[in-house]
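Undergrad: The structure follows.
Bear in mind that the values in this text are calculations on the coordinates, not laboratory data. Keep in mind that what you see is a predicted model, and the values were worked out from it rather than measured. Here the Cβ positions follow ideal geometry from the backbone for every residue, glycine too, while neighbour counts run over all protein chains shown.
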Amino acid sequence: MPSERAADEARIRQQIDVIVESIRAKDLEALMAVYTTDVVSYDVEPPLQHLGTAAKARNWANAFAFFETVNYEIRDLTLTVGDDVAFGYAFARLSGTGRNGAAMAGMWVRVTYGLRKIDGTWLIAHDQVSVPLDILSGKGVTDLEP
């Protein structure tokens, strides 16, 4: 019988799988179900923060509109799980085919999740997506791979 921590980690990994599957299906409703209503998101695009599921949904709706087909990958997900709070980090890549038919390889980004267990369900209360910065040029480095 797995410990409660192991069971919670498995539940969180299932939620991350929902993110992957929902993005690939461009299913905004299923995707938003894994976030708290007051999620705080630090995404790669402006502004500095996006507050609430409506803002998070707008970001994903914009991405879905850009792609004809979309793929999402997560690698090296590492989790630390407490009783009702957890955090995780991984590498992620959004890629696919644009509306013009061009293949888009996407870029690997760093993603961090802050999760809360609410009524027995693990939900993302905070996420952050970033790319490394080349200090000298002031530009993001988008050609790195895990």
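Undergrad: Does a label point 7 Å from the Cα of T97, set along Cα-to-beta-carbon, have any residues of the stretch 53-69 with amide nitrogen under 19 Å, and which are they?
TA: 63-69
Undergrad: For the Cα atoms of the chain, what angle does the longest principal axis make with the long axis of helix 52-66, in degrees from 0 to 90, nearest 10?
TA: 40 degrees
Undergrad: Something else about it: Mean separation of Cα pairs under 8 Å and 6+ residues apart, divided by the residue count of the stretch 32-89: what relative contact order is that in percent?
TA: Reported relative contact order: 20 percent.
Undergrad: Roughly how big is the chain's charge dipole about its Cα centre, with Cβ charges of +1 (Lys, Arg) and -1 (Asp, Glu), in debye to the nearest 20?
TA: Around 260 debye, computed over the chain.
Undergrad: Based solely on C-alpha atoms, express the radius of gyration and the Dmax of the stretch 2-81 in angstrom.
TA: Rg and Dmax of the stretch 2-81, Cα atoms, are 13.9, 43 Å.
Undergrad: Find how much the distance from D27 to S3 grows on full extension, using 0.36 nm per residue of separation minus their present alpha carbon separation; answer in nm with one decimal.
TA: Gain on stretching D27 to S3: 5.4 nm.
Undergrad: How long are the three semi-axes of the equivalent ellipsoid for the chain, computed from the Cα gyration tensor as the root of 5 times each eigenvalue, in whole Å, largest first? Write down the numbers at each step before the final one.
TA: On the way: eigenvalues 134, 64, 48 Å².
Three semi-axes, in Å: 26, 18, 16.
Undergrad: Hey, what did the stretch 1-123 get for relative contact order, percent, Cα under 8 Å, at least 6 apart?
TA: Values: 180 pairs, mean separation 25.2, N = 123.
Rounded, it is 21 percent for the stretch 1-123.
Undergrad: In nm, to one decimal, how far is the modelled label at R58 from the one at Y42, with both set 7 Å along Cα→Cβ?
TA: Label-label distance for R58 and Y42, simple model: 2.0 nm.
Undergrad: Any idea how far apart F87 and R116 come out in nm if each label point goes 7 Å out from Cα toward Cβ?
TA: 1.6 nm
Undergrad: Residue farthest toward the positive end of the dipole of the chain, with Cβ of Lys/Arg at +1 and Asp/Glu at -1: which of G120, G82, N59?
TA: Checking the options against the dipole of the chain, the answer is N59.
Undergrad: Related question: Most fluctuating residue of L79, L133, L123 in a GNM of the chain with Cα springs under 10 Å: which is it?
TA: Between L79, L133, L123, it is L133 that shows the largest mean-square fluctuation.
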